Amino acid sequence: MKKIFFISFLLFSFLSCTHDVNYVITKKDADYADLYTNRDAYSIYYYKQPVTGETDISAWIRDTESDVTSTYVPAGSSVSSLNNKAYEGFIFAGIVENNMTINVYYKRCTISYEFYETYGDTVPVYKVQGLYGMHAIKPLIQDRDESYFNAWVTKNQEPYTTEFTINADSNTLNNVSTTKWYATWTEKNSVLGLGMNLTEPGDILLRDGSVIPAGRYDIMSTEQKNAVVGILITNSYEPENGRNTEGTVRLIAGLKPGSGTWIDGSWKDSKGTNYYKTEEFQTSDRDGQLATETILTIDKEYRKNSNRDNAVLYSLDYDIHAGVSLNYRNEWYLPSLAEAKLMLTDTFISAYTTLGILTEGAEFWTSTTKVPGSQVNTCLLKTGDNIREKKKYDDTCYIIAFRQIN
């Protein structure tokens, strides 16, 4: 069996590795139809390239859930047979044989985004390229004289997301995948607002999906004020850690608050017990969408409750109450404690009070609970320099629904 040294097969430089491994991969046949292992192995470990694009494989992330152990892989086994992971956004990069273990490596695909002013254009106005999973900054295009830039969509009208992803049209077998995006436009005389994009904290969302930019509340007509349904709280939130600096999630707070209890005190379980007064549970203090779903899954019938005046169910129905545009229908929820606190700044207090919606000192519900579940955290809309949390049971507070936008 002839042995050939194949460093280039792995598509990245093994020379930068700091640990001692055997890099020899052999060909079984003279026609080089496939690569074959050159030693017996009993374990297979799978590694994926980090989103940072590290080329040093010692920094690649092991997928421990995919480990295969106590399995005999004889010398001469086909390397292609080890390429059995259909990781979205990754391609097979190669193997390294290390003693009686085979390490299998998967490299992130490079994704190229091209943005066109109109469908049918052949020259893009922007090009963005990065590894699968990297965050991409959404490029903006200048409004036209007669129309507002609305959104980037694919040829199938799928909306732009804030992360690089491989969509159904992409060929995941190739290292580089190109997706084309096209600008959509909305005629200026067809909307109430002054634009179509929620971009800066303080931007006001109107019922028809149009936007009043932050700081322009003074020029709003009575018709526009009556049509407000939301305000952009942040464009940099991260629900997993509750930080508001490096995230990419935008949060909208509803601008037509309801009022009511956190739960419907009259609703009882099948035994006639007021279920939510006795059940102990805890929800997220960071991700309000997750916290709301946790509450709703305690009992599958709760979501169907006909009395929708409590905070959780009112939040789910916010789009119906406020008459929200199709683009922002559904997916409303009761905010977490961390999300709700993002409203407690002078900028947002000014927006609420200028529009005559809430006054300082107003209390509102959050979906964050602590054991026992009957205790629910509420916040006070800033009073002077004091921002307080309070624990309530079923007192009446404002209900301000939130919505996430990626």
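The values are calculated or read from the model by the stated rules, or taken from the named source; none is laboratory data. All values reported here derive from a predicted model rather than from experimental measurement. Virtual Cβ from ideal backbone geometry, glycine too; neighbours counted across all protein chains shown. Only protein heavy atoms, including side chains, enter the accessible area calculation; ligands, DNA and RNA are left aside. Shrake-Rupley method; radii C 1.70, N 1.55, O 1.52, S 1.80 Å.
Every condition in (1) in a strand (DSSP E or B); (2) modelled with pLDDT of 90 or more is met by PRO50 except one, and the failing one is (1).
So is GLU246 at pLDDT below 85, of a type in the set (D, E, K, R) and either on the phi > 0 side of the Ramachandran plot or part of a loop (DSSP other than H, G, I, E, B) (or both) or not?
Yes, satisfied.
The combined condition, being buried (at least 19 other Cβ atoms within 10 Å of the Cβ), within 24 Å of the chain's Cα centre (by Cα) and modelled with pLDDT of 90 or more, is fulfilled by LEU205. ILE405 fulfils the conditions (1) touching a Leu at 6+ places or on another chain (Cβ under 9 Å); (2) at pLDDT below 85 except for a single criterion, (2).
Looking at the stretch 254-370, what helices (runs of 4 or more DSSP H) fall wholly within it and have at least 3 residues that are within 29 Å of PRO201 (Cβ to Cβ) and at pLDDT below 85?
Details: elements: 275-278, 288-296, 311-316, 318-322, 337-341, 346-354.
Of the helices (runs of 4 or more DSSP H) lying wholly inside the stretch 254-370, those with at least 3 residues that are within 29 Å of PRO201 (Cβ to Cβ) and at pLDDT below 85 span 346-354.
Screening the stretch 152-184 for residues that are at pLDDT 80 or above and of a type in the set (A, V, I, L, M, F, W, C) and picking the one that is farthest from the chain's Cα centre (by Cα) gives ALA183.
Which one of these is open to solvent by 10 Å² or more (accessible area, probe 1.4 Å) and of a type in the set (Gly, Ala, Ser): SER210, SER236?
Details: SER210 fails: open to solvent by 10 Å² or more (accessible area, probe 1.4 Å).
When all the criteria are applied, what remains is SER236.
In the stretch 50-62, the residues that are of a type in the set (Lys, Arg) reach residues that are open to solvent by less than 20 Å² (accessible area, probe 1.4 Å) with C-beta atoms within less than 8 angstrom, at least six apart or across chains, in these pairs: ARG62/TYR46.
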